[in-house]
Amino acid sequence: MLIFNNLDKHTNIMQNREEKELINAVMKIAHYLVFITSLVVCAMLIIITVLVAGVSSNTWSYRKVPSVPSKSSIIIKPSNPVATEVWRSPAPGTIPAGKAGDQIRYGGELIAHTANYFGPKGTIAQISNGMNCQNCHLDGGSRLFGNNFGGFIASYPKMSNRSGRVEPAAERIVECFNRSLGGKSPDTDRNEVRAMLAYMKWMGGGVKKGQKLYGSGTEKLPYLNVPANAVKGKIVFLLKCKSCHGDKGEGRLAIDQRSYLYPPLWGEHSYNDGAGMFRVINLAGFVKNNMPYGATYKSPQLTDQEAWDVAAFINSQPRMHRNQHSDWPDIKRKPIDLPFGPYADPFSEKQHKLGPFKPIEAFYKSLTYKNKNL
């Protein structure tokens, strides 16, 4: 009997020990679940805070840049900023009611989906190559360093060194149709051109003539000491660009086949050689801060060298030619990266196209005439 009693006691002790171990295991699991839940809640709160802050920041048209920027702001800024204010696109809620607002919204639609109205299958006229204005003026002209419209209206009318005369803003739209959209001139009296101008005016609301805005246009990258290399640029293109723009730079049409989801980079449906993007300085800065897809000026995916090289490759491919015999009547005012002579300097067309640009710039700085890279 004593033996059985001892066995019973031993059994009870073992059962109690197992129960305690089970309870401890359950408690550990419960603590672990509470810890994980706390992490998830904290992460969600952080995400919500960031999103709310981002939405709030978009309500300002522009803000002052600190005179002594912090290290973090220096890191995210492209090189050599010259402006004193950062432009921010206006919030959609600031579009006025009534006919004025309808015209602004229509202008934005025309910028975003130009080909639907003026492309080869356009519903209004068939006078362009099928690209949209926002293929070059990203996000409807609202993106920093994406050819935005922040200072566009405020700068007109202005003297154009390319035409040699003072031009109104409507004339600039005509030039884009002729060059970037590789097409014919729209009637500047049409409601569509007026709507585009209304949209651009709304985008640049509050900006004054002559005001320098950080993030307008495209960034001017530091010049290389050697020519941009189109051979190396092809490698960059194949690795970073062809998935969207195609092996042959042909782009990718949208499902409706009326416009491009990703625009062609050369060929008959791309910008012609009279467009601003055909100048490698402009294209390199545009590419650096916006390409490949997902890149921004805060988070670029290419080095300066890669941006220069891929721009050289793209602009070395065949595209439509525009007669430019009447452009730049004062040849001293030609941009240093315009690849068509004659020039007021001793440098070749090849160097004007691919660089190095420092010697050309130094030459013009030594003259009374100041060359402007417009």
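Numbers for the structure displayed
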{"read-out": "Residue in region 101-114 that is out of contact with any strand residue (DSSP E or B) (no Cβ under 6 Å at 6 or more places or on another chain), of a type in the set (Asp, Glu) and either within 29 Å of Arg333 (Cβ to Cβ) or buried (at least 20 other Cβ atoms within 10 Å of the Cβ) (or both) present", "value": "no"}
{"read-out": "Residue in region 199-239 that is nearest to Leu265 (Cα to Cα), counting only those that are crowded, with 22+ Cβ neighbours inside 10 Å and among the small types (Gly, Ala, Ser)", "value": "Gly233"}
{"read-out": "Scan of region 239-252 for residues that are more than 20 Å from the chain's Cα centre (by Cα) and not acidic (Asp, Glu), ordered by number", "value": "Lys248"}
{"read-out": "Residue, farthest from Gly267 (Cα to Cα), within region 157-189, restricted to residues that are free of Cβ contacts under 8 Å to residues at least 60 places away in the same chain and in a loop (DSSP other than H, G, I, E, B)", "value": "Pro157"}
{"read-out": "Test set (1) assigned to a loop (DSSP other than H, G, I, E, B); (2) surrounded by fewer than 16 Cβ atoms within 10 Å (Cβ to Cβ); (3) at negative phi; (4) not hydrophobic (A, V, I, L, M, F, W, C) - Ser243 fails condition number", "value": "(1)"}
{"read-out": "Enumeration of residues in region 283-313 that are among the β-branched types (Val, Ile, Thr) and part of a helix (DSSP H, G or I)", "value": "Val287, Val310"}
{"read-out": "Subset tally (residues that are more than 15 Å from Cys136 (Cβ to Cβ), surrounded by fewer than 22 Cβ atoms within 10 Å (Cβ to Cβ) and touching a helix residue (DSSP H, G or I) at 6+ places or on another chain (Cβ under 8 Å)) for region 175-190", "value": "4"}
{"read-out": "Residue in region 314-323 that is of a type in the set (S, T, N, Q), within 19 Å of Gly164 (Cα to Cα) and either in the same structural domain as Thr114 (by TED's automatic domain parsing) or in a loop (DSSP other than H, G, I, E, B) (or both) present", "value": "yes"}
{"read-out": "Any chance Gly233 is over 16 Å from the mean Cα position of the chain (by Cα) and assigned to a helix (DSSP H, G or I)", "value": "yes"}
{"read-out": "First in region 208-237 and modelled with pLDDT under 95, second anywhere and in a strand (DSSP E or B) and aromatic (Phe, Trp, Tyr), Cβ under 8 Å, 6 or more apart", "value": "Leu213/Tyr62; Leu213/Trp87; Tyr214/Trp87; Gly215/Trp87; Ser216/Trp87"}
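The values are calculated or read from the model by the stated rules, or taken from the named source; none is laboratory data. As the structure is a prediction and not an experimental result, all values here were calculated from the model. Note that we place each Cβ from the backbone using ideal geometry, even for glycine, and neighbour counts take in every protein chain shown.
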